[in-house]
There are 2 protein chains.
Amino acid sequence: MRLEILPVLGIGDVTEGDDLAALIATAAPWLRDGDVLVVTSKVVSKAEGRLVDVPADGPDRVAARDEVLAGETARVVAARGATRIVQTHHGFVMASAGIDASNVDKTRLVLLPVDPDASARALRSTLRERYDLDVAVIVSDTMGRPWRNGLTDVALGVAGMPAIRDHRGEIDPYGNELHLTQMAVVDELAGAGELIKGKCDQVPVAVIRGYLGETRDDDEGARALVRDASLDLFSLGTAEARAAGLREAATLADGPGPSPADPAAVDRAIAAVAGVVAPGTVLTHVTDHEVRAGLVATVPGWPASATGLILGAPPAPVDPADLVRFGADLQRLRTALAAEGISSALLPPPPGSTASAALAV
Amino acid sequence: MRLEILPVLGIGDVTEGDDLAALIATAAPWLRDGDVLVVTSKVVSKAEGRLVDVPADGPDRVAARDEVLAGETARVVAARGATRIVQTHHGFVMASAGIDASNVDKTRLVLLPVDPDASARALRSTLRERYDLDVAVIVSDTMGRPWRNGLTDVALGVAGMPAIRDHRGEIDPYGNELHLTQMAVVDELAGAGELIKGKCDQVPVAVIRGYLGETRDDDEGARALVRDASLDLFSLGTAEARAAGLREAATLADGPGPSPADPAAVDRAIAAVAGVVAPGTVLTHVTDHEVRAGLVATVPGWPASATGLILGAPPAPVDPADLVRFGADLQRLRTALAAEGISSALLPPPPGSTASAALAV
């Protein structure tokens with residue numbers, strides 16, 4: 001058993017309207033059923049006319065490029081300096097939405113194919129119908145990734161095979177069930193194709209031979225590789241998420257949460273701000289049911305769902321500046337509670353108490 | 001030109017103290033100079049005795065595993081439910097620090113090799129000295145990644161070739177200089193090796209033939225692939241970074257920053273909290289130099305570096321609860337300023353002013 005990685009030489013420059021299937025079939029008459037074609041997305045984009053004209057240099061070029069980037073961007077994931085990591089309309093998270101200025105005239109930018117899975121399907125279909133070749137097609141591009149230096153080629157689109165090889169449910173020789181092993185084989189195939197493309201000059205298509213037994217059409221393409229942002233532990237850049245935390249703190253909504261606050265978490269929050277509140281400020285966590293019941297009767301608007309109360313008193317003597325500072329300190333505490341996942345509400349002090357304010361948690 | 005990916009069959013189970021070089025050389029007498037061996041880290045770990053005993057199941061197993069994980073963890077990057085993405089002592093960011101319970105007895109866990117580059121160097125060196133074979137060695141493992149479903153194999157260690165192929169400075173046929181193209185070829189080679197390993201059962205070593213001309217020892221190994229966390233836009237999970245933002249808000253230090261605050265950013269911060277401050281609260285951004293100069297003379301401790309001041313007044317009439325709420329609102333504003341990168345300080349109101357407090361920015 002062996003796999004082979006072969007370059008398709010002699011395709012030359014690809015321009016708008018070119019017939020990729022014909023270019024590939026002519027350059028590689030040696031293609032066989034079951035081969036996996038790894039096609040650089042740039043030649044797909046060029047053939048499909050996914051190019052925009054921009055000035056060759058200067059501020060106008062920057063402005064034009066920014067506008068193109070905005071059009072390709074579904075959301076900005078992270079930014080630092082001139083770097084923009086964005087999620088594209090396809091769902092891919094890539095630097096500059098995959099817009100590329102290399103291997104193209106200085107006055108043009110290459111955008112990603114509108115639908116790389118459709119591009120792969122079309123190429124596979126044409127090769128089958130016109131050249132009687134039953135191959136799988138991967139549309140690949142070069143991407144960076146968090147945590148690791150260096151880029152690798154991965155799949156943007158695929159037709160003729162599933163994107164993922166699923167080992168879940170298999171049992172290893174020791175009797176352990178494999179829980180997590182879904183391999184993104186099309187990404188590994190794209191990377192394998194890059195190995196030969198990178199050794200040659202200007203080779204936009206590589207062939208992996210021996211990997212597939214038979215092609216298969218019943219798959220969802222490379223969309224299977226796109227993880228939903230809501231499931232992703234890294235859906236935002238660190239700086240962006242930190243700023244989101246700060247903005248959230250600035251606009252914290254009032255209101256205790258639906259579930260009882262964990263007393264240990266409340267105490268952690270009090271401890272977190274202990275070093276920054278005004279000297280002498282007293283914050284007391286009250287969770288006793290009878291005390292709360294008493295307060296429910298006396299504080300207008302006291303929510304019935306409240307499960308705890310922090311009674312606060314500013315440093316004596318009370319002057320207006322101390323009360324302002326005390327309010328700021330309570331807001332710090334509310335924010336520390338929010339960091340523990342605990343909602344809170346700022347309330348007027350209970351009548352008759354020595355407190356100056358109360359937080360419901 | 002072609003590359004071949006070949007499996008090394010017949011290695012069988014590897015246990016502590018096994019001589020990997022002998023196992024490989026015996027199983028693959030067909031190895032040639034210039035081959036790249038992709039060796040699954042698990043067999044390296046097993047041969048090196050990187051195994052720990054744990055209970056087969058139950059809470060004791062969970063506790064023992066947690067302890068092992070803590071030992072392998074340099075820092076926690078992200079957590080959700082039982083998932084822990086951590087940075088290992090090597091610098092790799094991986095789920096569960098690469099600790100693996102598959103393909104091993106139920107009472108043992110396999111840890112990553114202590115130094116996968118050293119493991120790769122040792123194997124390469126032994127194959128050269130004892131078997132006169134000049135090959136490159138990659139120690140590979142399976143990893144997930146943000147944003148994309150499915151796992152791929154990547155390199156943890158390498159010897160005999162550089163981890164990265166650097167295209168920077170090259171000129172494409174259109175005259176554009178390639179700025180960013182550093183390819184993590186050892187990751188692509190590791191992935192290519194997985195393609196054949198995954199098609200066979202229990203094949204821990206694959207060979208990539210035709211990729212390397214000559215081996216080369218003058219490299220820094222797979223450490224070149226580890227991006228420093230300070231340079232990484234995704235050094236923390238989104239939830240962790242958001243919570244860090246909240247904690248930062250809770251403990252904001254007093255003090256205007258060293259550089260003048262951008263007036264537009266200050267106004268954005270005021271607008272951000274406009275909907276949540278008490279009705280009637282007035283926040284006025286004062287940047288006029290003379291006003292500030294006047295305040296410098298009258299407010300004790302007013303910092304000379306201050307470049308702006310927000311004067312606040314609570315809704316009239318002033319009662320203690322309003323002042324507490326007003327203080328909380330000023331803290332919200334400080335947090336919104338922090339989200340814009342602007343430091344601030346809460347000050348007593350200037351004597352003689354109608355304000356109740358001042359923020360220096």
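No value in this document is a laboratory result; all are computed from the given coordinates. What you see is a predicted model, and the numbers here were worked out from it, not measured in a lab. So basically every Cβ, Gly included, is an ideal-geometry build from the backbone, and we count neighbours across all protein chains shown.
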Leading residue at positive end of dipole, the stretch A:4-231 (Cβ point charges), from A:GLY160, A:GLY34, A:GLN87 = A:GLN87
Can you give the charge dipole size of the stretch A:100-157 about its Cα centre, rounded to the nearest 20 debye, using +1 on the beta carbon of Lys and Arg and -1 on the beta carbon of Asp and Glu?
-> 160
Using a 10 Å cut-off on Cβ to Cβ distances, tally the other chain neighbours for every residue of A:96-106 and report the average as a whole number.
-> 3
Which distances in nm, rounded to one decimal and ordered from shortest, link the label point of B:ASP57 to the equivalent label points in the other identical copies, with labels set 7 Å from Cα toward Cβ?
-> 7.0
How far is helix A:263-273 tilted, in degrees, relative to the longest principal axis of the Cα atoms in chain A, given as a value from 0 to 90 rounded to the nearest 10?
-> 90
Quick one: with label points 7 Å out along Cα→Cβ, list the inter-copy distances for B:ALA70 in nm, shortest first?
-> 5.1
Could you give the nm distance between label points at B:SER230 and A:ASP105, where each point is 7 Å from its Cα heading toward the beta carbon?
-> 4.5
Taking N as the residue count of the stretch A:150-250, its alpha carbon Rg divided by 2.2 N^0.38 Å gives 1.47
Selection of GluC sites (Glu not before Pro), the stretch A:129-222, meeting DSSP coil and at most 11 other Cβ within 10 Å = A:GLU214
Okay, helix-only estimate at 222 nm for the protein assembly as shown: each DSSP H run of n ≥ 4 adds -39500 (n - 2.57), divide by all residues, round to 500 deg cm²/dmol; what do you get?
-> -10000 deg cm²/dmol
Most mobile of A:ALA64, A:ALA120, A:ALA313 in a GNM of chain A (Cα contacts under 10 Å) = A:ALA313
Quarter of Cα convex hull surface for the protein assembly as shown, i.e. mean projection, nm² | 36.6
Virtual spin-label span in nm between B:ALA63 and A:ASP254, 7 Å along Cα→Cβ = 4.7
Roughly how crowded by other chains is peptide B:37-43, in terms of the mean Cβ count from those chains within 10 Å of each of its Cβ atoms?
-> 0
Residues B:GLU177 and A:HIS285, FRET efficiency given R0 of 60 Å [Cβ-Cβ distance, rounded to 0.05] | 0.45
Hey, what does the equivalent ellipsoid look like for the stretch B:94-145, semi-axes from the Cα gyration tensor as sqrt of 5 times each eigenvalue, largest first, whole Å?
-> 27, 13, 9
Rounded to the nearest 0.05, FRET efficiency between A:ASP217 and A:LEU9 (Cβ-Cβ, R0 30 Å) equals 0.55
Relative to the other copies, what are the label-point distances for B:TYR174, with labels 7 Å from Cα along the C-beta vector, expressed in nm at one decimal and sorted shortest first?
-> 5.2
Taking the Cα centre of the protein assembly as shown as origin, work out the dipole magnitude from +1 charges on Lys and Arg Cβ and -1 charges on Asp and Glu Cβ, in debye rounded to 20.
-> 1040
Magnitude of the Cβ-charge dipole of chain A, K/R +1 and D/E -1, about the Cα centre, nearest 20 debye?
-> 800
Report the trypsin sites (Lys or Arg not before Pro) located in the stretch A:74-123 that are in a DSSP loop and have at most 11 other Cβ atoms inside 10 Å of their Cβ, or state none.
-> none
Computed over the stretch B:4-231, the convex hull of the Cα set has an average projected area, in nm², of 14.2
Chain A, relative contact order in percent, only Cα pairs under 8 angstrom and at least six apart counted = 16
If all Cα-Cα distances of the stretch A:116-186 are sorted into 5 Å bins from 0 onward, what percent lands in each bin, rounded to whole numbers?
-> 3, 16, 15, 15, 15, 13, 12, 7, 3, 0
Across the protein assembly as shown, qualifying lysine pairs (alpha carbons under 25 Å, at least 8 places apart or different chains) come out at 19
Calculated FRET value between B:ALA70 and A:ALA118, using beta carbons and R₀ = 51 Å, to 0.05 | 0.60
Take peptide B:156-165, look around each residue's Cβ out to 10 angstrom, count Cβ atoms belonging to other protein chains, and average those counts.
-> 1
